[in-house]
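Okay, structure first, notes after.
The values are calculated or read from the model by the stated rules, or taken from the named source; none is laboratory data. Please read these numbers as outputs of a predicted model, since none were measured by experiment. Here the Cβ positions follow ideal geometry from the backbone for every residue, glycine too, while neighbour counts run over all protein chains shown.
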């Protein structure tokens, strides 16, 4: 028997000694075995089931995809609106530039326009004044029946006016250049509103004598009459002056009812004498205000 065989046999028959080294080695062996088992179990778990990170990643990707799908139409709509807003901004800018250019060009025109308006107004007033100056020798006869003057109106008024108004003349006649009815539709003989007659005198003095005599005759019992028709004589004015004078018709009635005296002066002013005080008015509203301020006169 060899020595190796003897010692090997002897070691197997002898009980093993528990030493620190052996116990430490066994503990390490056991611990390594547990670690290997844990690693193997973790490996099996990772292979069979996904981890939390993977799940979170997949959920995040799904949510992002869903949000992109839902917001994609809204994003396109916003892009379209942004494009439209850009177009509108460009057009507004162009419009503002054009308006600014027009305002710059119109600035000097406004001053010229005001000057021209003022000039036209002055010229209109001047032309109206010239027209009325050309009518200074004319009178307007209102209330004369149609065709009362006959076929020769000049001859009729040359003799009828001085005889009816009591005007003294050398030959019993007043020299008249022309006489005619105002243009318009011929009315019936019995119409209560016959056309007015325009008479132009040869001399301005004769016209003034006729106007003065007709004013003195007044509208009473001695009023100028022709075949039971009351006839009135007025100074002939342009249409513009007549319109201005017509605005005083209502206040004239109030003045007459209040006992005031008045006279209408050229072109369209009213001279009012009331309770010893004389006032000039250019506007009928001023007359109304004056009457309302007087005692005992209701507006």
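Segment 221-298 holds helices (runs of 4 or more DSSP H) entirely within its bounds, and those carrying 2 or more residues that are under 35 Å from the mean Cα position of the chain (by Cα) and under 30 Å from residue 178 (Cβ atoms) map to 239-246.
Quick one: which of 282, 264 is touching a strand residue (DSSP E or B) at 6+ places or on another chain (Cβ under 9 Å) and either farther than 20 Å from residue 135 by Cβ or in the same structural domain as residue 196 (by TED's automatic domain parsing) (or both)?
Values: 264 fails: either farther than 20 Å from residue 135 by Cβ or in the same structural domain as residue 196 (by TED's automatic domain parsing) (or both).
Result: 282 is the single residue among 282, 264 that is touching a strand residue (DSSP E or B) at 6+ places or on another chain (Cβ under 9 Å) and either farther than 20 Å from residue 135 by Cβ or in the same structural domain as residue 196 (by TED's automatic domain parsing) (or both).
Screening segment 116-158 for residues that are closer than 21 Å to residue 228 by Cβ and in a helix (DSSP H, G or I) and picking the one that is farthest from the chain's Cα centre (by Cα) gives 156.
With 172, 166 as the choices, which residue is closer than 17 Å to residue 208 by Cβ and in contact with a helix residue (DSSP H, G or I) (Cβ under 7 Å, 6 or more places away or on another chain)? Walk me through how you get there before you give the answer.
Values: 172 fails: closer than 17 Å to residue 208 by Cβ.
Unique residue meeting the criteria: 166.
Here is a check on your reading of the model: is residue 214 in a helix (DSSP H, G or I), closer than 22 Å to residue 180 by Cβ, in contact with a strand residue (DSSP E or B) (Cβ under 9 Å, 6 or more places away or on another chain) and in contact (Cβ under 8 Å) with a residue 24 or more places away in the chain? Here the answer is yes, as residue 214 does meet what is asked.
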